[in-house]
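The values are calculated or read from the model by the stated rules, or taken from the named source; none is laboratory data. Keep in mind that this is a model prediction, so the values were computed, not measured. Note: ideal-geometry Cβ built from the backbone for every residue, glycine included; neighbour counts use all protein chains shown.
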Amino acid sequence: MKLILQIKLLPTEEQGKSLLNTIKTYNKACNEISHTAWENKEFNKYRLHQLAYYKIKEKFSLTAQIVIRCLCKVAYAYKAGKHQERRFKLLGAITYDSRILSYRKDSVSIWSVDGRLRIPIVCHNSKYFTHIKGEADLITRKGKFYLFQTVDIPEENIKDVEGFIGVDFGIVNLAVTSDGKMFSGKGSENVRKRATAFKRKLQRRGSKDAKRHLVKYSGKERRFKKHINHVISKRIVNNALKTRRAIALEGLKGFKSTVRKAQQETLGKWAFDELRKFIEYKAKLVGIPVFAVDPKYTSQTCSACGFVSKSNRKSQSLFSCLSCGKTLNADHNAARNIGQLGAVNHLSLISVHADFLNAPPLGTESPAF
């Protein structure tokens, strides 16, 4: 499975200036190549190489491999369309390959216009360095430098499971499992409200300092929610692995299009799709199967007796069955139903697969009884 590692570089002040100068020089070279391609109406990578390689190498004092990377970037950009000349931002990403970039345990050797630089790095998944495959992109963001490196991690074989963990998504509780484990959304919602109020206040002020502060503040809420989703997904997958169970998630495709206008601010920033994807890829890494089930009526159905009624849902948090009297948290009840649906769907797939394997070959007739 392919993943992208985010690696933070920790350059000295002098190394930072060198990296910044490298990015600018690289993109200036790309713009020069693009202009040559547009003037000559030549967008093929190999023929463009003949037109621009030596000129760019000499003009910008670049090494052979970095010129090749520039040519590839320009040719790839024109694949999206040749209706206008392509221009590249001065601080656009640089693409590196293994000839101009190599990793150690806690540092990276990276090409720059001032020669090779050995720079300390921080990466929370450095164990995946042995699975590096393909290229890396160097970017600068708010004065900091990051490498986005592709890795190809071998997937675990699908494990035999002995049951299902159902997971219900929500606002009050971001996720609730069929075991009764609840991950509250209170902290995330408080951050959203504070961030929204603060940004509105700055926007109303409209001064240069306020705009500068807005740029600095941007992404803070998003990073917080991403961290929370990583924590939740990891705990759910670890529980599934420990108890040898598969995971059943509610399929929420098209959910946002059905919500009321008053809820759009809350749900528009609710990263339930990101949480689902995090659970899926983390489960895939350890061989845990994940199934999506239709969540229709799971909040109205009793997980004990199967009785369905709107009146079963007494409030946002309380479920009380009118038939059998079962009372429990509403989200927990929905998660239990989702887990049961996952088991039913799994058995149906096994049955269909078995019928297919036992079916007579095509062109043969079934015996008469």
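The figures follow:
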{"quantity": "Pairs with Cβ under 6 Å, 6+ apart, first in segment 120-142 and among the β-branched types (Val, Ile, Thr), second surrounded by 12 or more Cβ atoms within 10 Å (Cβ to Cβ) and part of a loop (DSSP other than H, G, I, E, B)", "calculated": "ILE139/ALA93; THR140/LEU91"}
{"quantity": "Of all residues in segment 276-296 being among the small types (Gly, Ala, Ser) and closer than 17 Å to ARG244 by Cα, the one that is surrounded by the fewest Cβ atoms within 10 Å (Cβ to Cβ)", "calculated": "GLY287"}
{"quantity": "Filter result for ASN44 (in the same structural domain as ILE132 (by TED's automatic domain parsing) and modelled with pLDDT of 95 or more)", "calculated": "no"}
{"quantity": "Hey, LEU91 in contact (Cβ under 8 Å) with a residue 40 or more places away in the chain and over 27 Å from the mean Cα position of the chain (by Cα) or not", "calculated": "no"}
{"quantity": "Test: THR196 is of a type in the set (Ser, Thr, Tyr) and touching a strand residue (DSSP E or B) at 6+ places or on another chain (Cβ under 8 Å)", "calculated": "no"}
{"quantity": "Residue list for segment 170-198, filter: in contact (Cβ under 8 Å) with a residue 60 or more places away in the chain and charged (D, E, K, R)", "calculated": "ASP179, GLU189, ARG192"}
{"quantity": "Test: residue in segment 20-29 that is closer than 16 Å to ALA136 by Cβ, touching a helix residue (DSSP H, G or I) at 6+ places or on another chain (Cβ under 8 Å) and not hydroxyl-bearing (Ser, Thr, Tyr)", "calculated": "no"}
{"quantity": "Residue count for segment 78-107, restricted to those that are in contact with a Leu (Cβ under 7 Å, 6 or more places away or on another chain) and of a type in the set (A, V, I, L, M, F, W, C)", "calculated": "2"}
{"quantity": "Single residue of segment 195-235 satisfying the filter (surrounded by 15 or more Cβ atoms within 10 Å (Cβ to Cβ) and of a type in the set (Phe, Trp, Tyr)) that is farthest from PHE278 (Cα to Cα)", "calculated": "PHE198"}
{"quantity": "Condition check for LEU9: modelled with pLDDT of 95 or more and crowded, with 16+ Cβ neighbours inside 10 Å", "calculated": "yes"}
{"quantity": "Among (1) free of Cβ contacts under 8 Å to residues at least 24 places away in the same chain; (2) under 19 Å from ILE100 (Cα atoms); (3) assigned to a loop (DSSP other than H, G, I, E, B) - the single one HIS83 does not satisfy", "calculated": "(2)"}
{"quantity": "Where a residue in segment 1-28 is within 15 Å of LYS144 (Cα to Cα) and its partner, wherever it lies, is small (Gly, Ala, Ser) and outside any helix (DSSP H, G or I), with Cβ under 7 Å and at least six apart", "calculated": "SER18/SER112; LEU19/SER112; THR22/SER112"}
{"quantity": "Test result for SER178, at pLDDT below 85 and closer than 30 Å to GLU221 by Cα", "calculated": "no"}
{"quantity": "Per-region count, segment 57-78, residues under 16 Å from LYS24 (Cβ atoms) and either surrounded by fewer than 17 Cβ atoms within 10 Å (Cβ to Cβ) or not assigned by TED's automatic domain parsing to the domain that holds TRP38 (or both)", "calculated": "3"}
{"quantity": "Count of residues meeting criterion [part of a helix (DSSP H, G or I) and without any contact (Cβ under 8 Å) to a residue 12 or more places away in the chain] in segment 199-214", "calculated": "11"}
{"quantity": "Pairs where the first residue, in segment 101-117, is within 15 Å of THR130 (Cβ to Cβ) and modelled with pLDDT under 95 and the second is small (Gly, Ala, Ser) and exposed (fewer than 14 other Cβ atoms within 10 Å of the Cβ), C-beta under 7 Å, 6+ apart", "calculated": "SER102/SER109"}
